[in-house]
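Shown next, in structure tokens, is the structure this report addresses.
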Amino acid sequence: MTTLFISDLHLDPSRPAITELFLAFLRDEAMQADALYILGDLFEAWIGDDTPSAAADAVADALHAVAEAGVPVYFIRGNRDFLVGNDYARRAGFRILPDPSVIDLYGRPVLLQHGDLLCTDDVAYQQFRAQTRDPVFQAQFLSQPLAARIAFAQKARDASQARQSEMKQDDRASFETVTDVAPAEVEATFARHGVDTMIHGHTHRPAIHALQVGDRPCTRIVLGDWYEQGSVLRVTAQDWSLDTLAR
């Protein structure tokens, strides 16, 4: 049996083929898994569980079918869908885990997280993250009319894209460094949680990294995004494989 890990699908009406790829994945491979973990950014944007979306409805139905088939489904919120709440979780049949979380994976303690907490060189983003994770901010935001939330989300999205474009033009190398994980934070996170394996997404740089933390060999697995194709980490009791899914 296999446990599946995915992240950064960024499902959006502008890319229906990716939504269909994900739905096919849920109908087929996910039904046979030991468990399915979604490590954030399932959706390109999420402004509340009351947002009308045919795609989100279809995804909820498909995820719920996986859970009903006896496959546990777990979700960690990402930087794009941190407002996914308990209402949608019930509809989709998944359990929301804290970010980060340590799980038992075939007898091995493994740290799961979305990954943005590791990008500490991006100070502006970390400040924005702290603000938007504040329960008071979230309650005030979700109390606004849907139209106001849509406008705010679009404004924030435009500002983020403009900032990234400016950073790329000014210094591409610096942009790549700032938007990737900070090595010191990675080591500190391993040490803080006392694990030797970490799985995360967010950076869109799929890879399996071997590193040394103190006297311990550690492994950091980075999941890929689903912008052009699918990406899945398949883990068994014996090994793991980071693979792509063609459209």
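A few points about this structure:
- Using 0.36 nm per residue and subtracting the Cα-Cα separation, the extra length available between Ser165 and Asp104 on full extension is 18.0 nm.
- Average accessible area per residue (Å²) across the stretch 20-133 - probe 1.4 Å, nucleic acids and ligands excluded: 41 Å²
- In this rough spin-label picture, where each label sits 7 Å from Cα along the Cβ direction, the Ile208-Ala69 distance is 2.5 nm.
- Theoretical FRET efficiency, 1/(1+(r/R0)^6), r = Cβ-Cβ of Glu185 and Gln138, R0 22 Å, to 0.05: 0.35
- Debye log10 I(q)/I(0) for the stretch 18-61, one point scatterer per Cα, at q = 0.27 Å⁻¹: -1.16
- Tensor-based shape of the stretch 79-157 (alpha-carbon gyration tensor, a/c under 1.5 rounded, otherwise prolate or oblate): oblate
- Distance between the stretch 172-244 and the stretch 1-69 - C-alpha centres, whole angstrom: 22 Å
- Cα-based shape type of the stretch 78-215, given that a ≥ b ≥ c are square roots of the gyration tensor eigenvalues and the cut on a/c is 1.5: oblate
- Mean sequence separation of contacting Cα pairs (under 8 Å, at least six apart), scaled by the length of the stretch 86-160, corresponds to a relative contact order of 12 percent.
- The phi torsions of the stretch 218-230, fed into the Karplus equation with coefficients 6.51, -1.76 and 1.60 and a -60° offset, translate into couplings of 10, 10, 10, 9, 10, 6, x, 8, 10, 5, 10, 7, x Hz, rounded to whole numbers, with Gly and Pro shown as x.
- Volume per residue of the C-alpha convex hull in the chain, rounded to whole Å³: 127 Å³
- Modelled FRET efficiency - R0 30 Å, Thr236 with Thr51, Cβ distances, 0.05 increments: 0.25
- Solvent-accessible area per residue for the stretch 175-243 (1.4 angstrom probe, square angstrom): 45 Å²
- Of the solvent-accessible surface of the stretch 201-247, computed with a 1.4 Å probe and all protein chains present, 48% belongs to carbon and sulfur.
- For the chain, the dipole from Cβ point charges (+1 on Lys and Arg, -1 on Asp and Glu) about the Cα centre works out to 260 debye, to the nearest 20.
- The stretch 1-135 - percent of accessible surface contributed by carbon and sulfur, probe 1.4 Å: 52 percent
- J(HN,Hα) series, the stretch 36-42, from Karplus relation 6.51 cos²θ - 1.76 cosθ + 1.60, nearest Hz, glycine and proline x: 10, 10, 10, 9, x, 6, 4
- Share antiparallel - DSSP beta bridges, the stretch 115-247, percent rounded to 5: 75 percent
- Secondary-structure-derived ellipticity at 222 nm for the chain, considering helices only, amounts to -12000 deg cm²/dmol, per-run term -39500 (n - 2.57) for DSSP H runs with n ≥ 4.
- Each residue, Arg192 and Leu146, gets one label point 7 Å from its Cα in the Cβ direction; the gap between the two is 3.8 nm.
The values are calculated or read from the model by the stated rules, or taken from the named source; none is laboratory data. From a predicted model like this one, the values you see are computed outputs, not experimental measurements. No Cβ is skipped: glycine too gets one built from the backbone with ideal geometry, and neighbour counts run over all protein chains shown. For the accessible areas, the whole protein counts, side chains as well, though only heavy atoms, and no ligand, DNA or RNA atoms are used. Shrake-Rupley method; radii C 1.70, N 1.55, O 1.52, S 1.80 Å.
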